[in-house]
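Read through the structure below, which is laid out as structure tokens, and then see the notes.
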Amino acid sequence: MNMSADAPRGREPRLKTVCQQQLAELAGTMDGLRVAIVASASGFPLACIGLEAQEGRRITALGAALDALGQRLVQELALGAQESALIESAAGLVLCRQVVNGITPMVLLVVTGENSNPGYALWAVKKAARALGESLSAPGSGAPTTSEREQ
């Protein structure tokens, strides 16, 4: 599995475990969730619910592209920092939310069914991304120490 150059290799299993746990919590609280993925901002999957590994890799690459496009658009329009992107389709929603943490830039990509409430979906994904970021930034979470970052 390839990881972002920013992510410490020795912490990979813990990182994946924390990401998978957060996805399981999200799936347990969000009706209509079809797919949930945590990926590095460069498009490498860290945890996934609802997709096979190969399809997950392809979707995370597309999610990273969506995140990058959204960031560029927000930058061009001088709207501050991007937090999320939302695509509404006839069959559901695609939400891409940045996960701020002390390890590596990440995104949370969620796909819902057509009967999902967009407002609730945005809130649930925002809450999950925040919880994941806090988990990864907490002491003992697998985040690198200051000395490890300087190496």
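Coordinate-derived values only; no laboratory data. Not measured: the values here are computed from a predicted model. Positions of Cβ are backbone-derived with ideal geometry, glycine not excepted, and every protein chain shown enters the neighbour counts.
Structural remarks
- Karplus 3J(HN,Hα) series, Hz, for segment 129-134 with 6.51 cos²θ - 1.76 cosθ + 1.60 (x for Gly, Pro): 5, 5, 4, 5, x, 5
- Nonlocal amide H pairs with residue 41, under 5 Å, H built at 1.01 Å: 106, 107
- Nearest-0.05 FRET efficiency for residue 86 and residue 137, computed from C-beta distance (R0 22 Å): 0.30
- Ranking 33, 122, 65 by Cα position along the charge dipole of segment 9-127, where only Lys, Arg, Asp and Glu carry charges on their C-beta atoms, puts 65 farthest toward the positive end.
- The label-point distance for residue 27 and residue 114, in a model that sets each label 7 Å from Cα toward Cβ, rounds to 2.4 nm.
- Mean Cβ neighbour count within 10 Å, used as a protection proxy, ranking 44-56, 88-100, 106-118 highest first: 106-118, 88-100, 44-56
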